[in-house]
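K.L.:
Could you have a look at this structure, given as structure tokens, before my questions?
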Amino acid sequence: MTEKTGFGKAPARDRRRFPGISSRAYEHPADRSALVALRKLSGFDTVFKALSGLLPERSLRLLFLSESVRVGETQFPHLHTMLRDACYILDLEKVPQMYVQQDPKPNAMCIGLDEPIIVVTTGLVELLDEEEMRAVVGHEVGHALSGHAVYRTILLFLTGLALKVAWIPLGNVAIMALVTALREWFRKSELSADRAGLLAGQDLRASMRGLMKIAGGNHLHEMNVDAFLAQAEEYESSGDLRDSVLKILNVLPRTHPFTTVRAAELKKWAESRDYQRIMDGHYPRRDEDKDASVSDSFRQSATHYADAVRTSKDPLMKLVGDIAGGTADLGGKLRDKFTGAGAGAAAGGGTAAGPEGKAGATDQG
């Protein structure tokens with residue numbers, strides 16, 4: 001069951017509240033375009049849930065009820081307060097059930113078909129302080145507000161199914177194709193939920209600390225935000241095309257983007273005009289969702305990717321930009337990047353492969 005938030009109760013500390021906010025306000029362009037298109041399909045949710053009838057949602061609820069601790073006024077009351085607070089700030093009328101699950105690995109998820117359930121592990125509860133945890137709870141409430149729980153549940157189900165039918169070649173290929181597509185979408189949805197967490201907590205430093213702890217454990221005195229963000233910069237720009245391909249292969253099995261990348265993306269959004277407009281009270285409302293333009297959403301997504309390719313320092317993305325721009329001697333550029341001969345060619349008076357050849361040489365020690 002869910003409960004009403006009781007909006008008359010003030011939040012734990014003074015922050016801006018966002019009455020009627022639509023998830024479109026904080027969704028990453030790639031995430032938003034897919035969800036807007038799905039929402040515009042009449043009856044899609046009904047059909048989708050009917051096709052998902054085999055999913056063991058009732059089993060999941062009974063499992064958490066019997067094997068985990070349900071958060072409430074008498075159990076983990078500080079988490080209960082944070083949950084109600086996040087729902088208050090993001091104007092989510094029904095408070096999802098939350099469970100704490102015994103698991104030393106820090107993790108949280110929002111799952112469910114008819115009603116979302118938020119699950120956090122003991123490892124996460126023990127790792128984060130109050131404001132860091134507030135951002136995580138807001139992150140999961142953002143998933144609930146965006147309707148991500150349904151697709152996350154499908155992903156969990158298909159991942160398990162893929163393991164069971166791995167011995168059936170064609171069946172496994174078809175399922176893994178769906179899993180790969182869902183993972184790609186879910187990685188983008190995590191960037192959206194990070195933004196929701198920032199809106200709920202309204203403390204960028206706490207959000208950054210939480211991501212750093214997830215990456216490096218409870219050793220903040222040994223970590224530095226600027227150095228952590230520099231890792232994301234080095235990750236994006238270092239190496240040659242071989243490294244770019246390895247980055248793609250490394251991320252494919254993951255449901256979450258790499259932590260340094262999440263931190264850099266969140267900081268960039270927090271410094272953007274879009275974030276400031278939301279904080280000033282100018283944001284899309286849920287009652288306007290039915291009038292949202294699919295073409296505008298796809299246009300925003302296309303613009304985002306075009307800008308990402310144009311400004312990226314990743315060797316593969318730079319090459320994509322060169323192809324789009326009609327760079328001459330493309331065959332030579334490909335050969336130089338894959339063989340690592342760019343720096344030598346540049347020294348010998350060749351084309352502009354030199355900078356890429358040196359990209360990974362910076363020592364961040």
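The values are calculated or read from the model by the stated rules, or taken from the named source; none is laboratory data. Keep in mind that what you see is a predicted model, and the values were worked out from it rather than measured. Counting neighbours? That spans all protein chains shown, and the Cβs are built from the backbone with ideal geometry, glycine included. Only protein heavy atoms, including side chains, enter the accessible area calculation; ligands, DNA and RNA are left aside. Shrake-Rupley method; radii C 1.70, N 1.55, O 1.52, S 1.80 Å.
K.L.:
Of everything in the stretch 109-124, what is open to solvent by 30 Å² or more (accessible area, probe 1.4 Å) and either of a type in the set (Phe, Trp, Tyr) or over 18 Å from the mean Cα position of the chain (by Cα) (or both)? Give them in sequence order.
P.N.:
Just the residues of the stretch 109-124 that are open to solvent by 30 Å² or more (accessible area, probe 1.4 Å), to begin with: 109, 114-116.
Selection gives ASP114, GLU115.
K.L.:
Here is a follow-up. How do the pairs read when you match residues in the stretch 84-96 that are in contact (Cβ under 8 Å) with a residue 60 or more places away in the chain with residues anywhere that are β-branched (Val, Ile, Thr) and in a loop (DSSP other than H, G, I, E, B), using Cβ under 6 Å and keeping only pairs 6 or more apart or on different chains?
P.N.:
So the pair list comes out as ARG84/THR5; CYS87/THR5; TYR88/THR5; LYS94/THR2; VAL95/THR2; VAL95/THR5.
K.L.:
Inspect all residues belonging to the stretch 219-227 and state whether any of them is open to solvent by less than 80 Å² (accessible area, probe 1.4 Å), of a type outside the set (A, V, I, L, M) and either out of contact with any Gly (no Cβ under 7 Å at 6 or more places or on another chain) or modelled with pLDDT of 85 or more (or both).
P.N.:
No: the stretch 219-227 contains no residue that is open to solvent by less than 80 Å² (accessible area, probe 1.4 Å), of a type outside the set (A, V, I, L, M) and either out of contact with any Gly (no Cβ under 7 Å at 6 or more places or on another chain) or modelled with pLDDT of 85 or more (or both).
K.L.:
Now a separate question. Just one of (1) closer than 23 Å to THR153 by Cβ; (2) open to solvent by 10 Å² or more (accessible area, probe 1.4 Å); (3) at pLDDT 95 or above trips up LEU79, so point out which.
P.N.:
Of the numbered conditions (1) closer than 23 Å to THR153 by Cβ; (2) open to solvent by 10 Å² or more (accessible area, probe 1.4 Å); (3) at pLDDT 95 or above, the odd one out for LEU79 is (2).
K.L.:
Further, regarding this structure: Quick check on this structure: which one of ARG16, ARG84 is of a type outside the set (A, V, I, L, M, F, W, C), at pLDDT 65 or above and not in a helix (DSSP H, G or I)? If you could, list the steps in order and put the result at the bottom.
P.N.:
Working: ARG84 fails: not in a helix (DSSP H, G or I).
Exactly one of ARG16, ARG84 is of a type outside the set (A, V, I, L, M, F, W, C), at pLDDT 65 or above and not in a helix (DSSP H, G or I), namely ARG16.
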